[in-house]
Amino acid sequence: MKFTTLMFITFFMVVLSSPSLIRARATTVGGFGEEAQSCVVTDLMPCLPAMTTGGPPSGECCDKMNEQKPCLCGYIKNPALSTYVSSPNALKVLEACKVPIPKC
C-alpha cells in the first residue's frame, strides 16, 4: 500500500510540476471529418490504481484509455511519463481494455 501511495504522489508531482507535460494536441487529423484529440494525461487518473497495482481496470479507466488512444505514443516518448505508461501493469491495462499496444 505504501508503494502505491508513493507512486501516486510521484506521478502527480511530475505531471503537475510541468504544464507542458499535461496538455498536447494530437496532429493526426485526417480529411474525413475527424477532430483533433486533446491529450490530457490526467484524464487517465482512473487507470492509476490498475497501473500501479496490476489489478483489473475499471470501466471508466477503459473508456478514458480508449479516448486517449491517439495520445499514447506521445506519453510513451515523454521521459517523465514513459515509466508509467509503458510499465508491465500499464500494458496489462491496455490488453484488458482491448486497446492495441502502440508501436511508436
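The values are calculated or read from the model by the stated rules, or taken from the named source; none is laboratory data. Keep in mind that this is a model prediction, so the values were computed, not measured. Glycine also receives a Cβ, built like all others from the backbone with ideal geometry; neighbour counts cover every protein chain displayed.
Listed by position, the helices (runs of 4 or more DSSP H) contained in the stretch 49-104 that have at least 3 residues being of a type in the set (Ser, Thr, Tyr) are 82-85. Say we look at the stretch 82-93 and pick out the residues that are of a type outside the set (Ser, Thr, Tyr) and buried (at least 20 other Cβ atoms within 10 Å of the Cβ); which of these is nearest to Gly55 (Cα to Cα)? If we take residues in the stretch 82-93 being of a type outside the set (Ser, Thr, Tyr) and buried (at least 20 other Cβ atoms within 10 Å of the Cβ), then Val93 is nearest to Gly55 (Cα to Cα). Just to be sure before I move on: is Cys39 out of contact with any helix residue (DSSP H, G or I) (no Cβ under 7 Å at 6 or more places or on another chain), buried (at least 17 other Cβ atoms within 10 Å of the Cβ) and not charged (D, E, K, R) in the structure I sent? Taking the combined requirement at face value, the residue does not satisfy it. Of all the residues in the stretch 66-101, those that are hydroxyl-bearing (Ser, Thr, Tyr) and closer than 13 Å to Asp43 by Cβ number 1. Selection of the stretch 55-86 for residues being under 16 Å from Lys98 (Cα atoms) and among the aliphatic types (A, V, I, L, M) yields Met65, Leu72, Val85.
Can you spot a residue in the stretch 49-65 that is at pLDDT 90 or above, of a type in the set (S, T, N, Q) and touching a strand residue (DSSP E or B) at 6+ places or on another chain (Cβ under 8 Å)? The answer is no; no qualifying residue exists.
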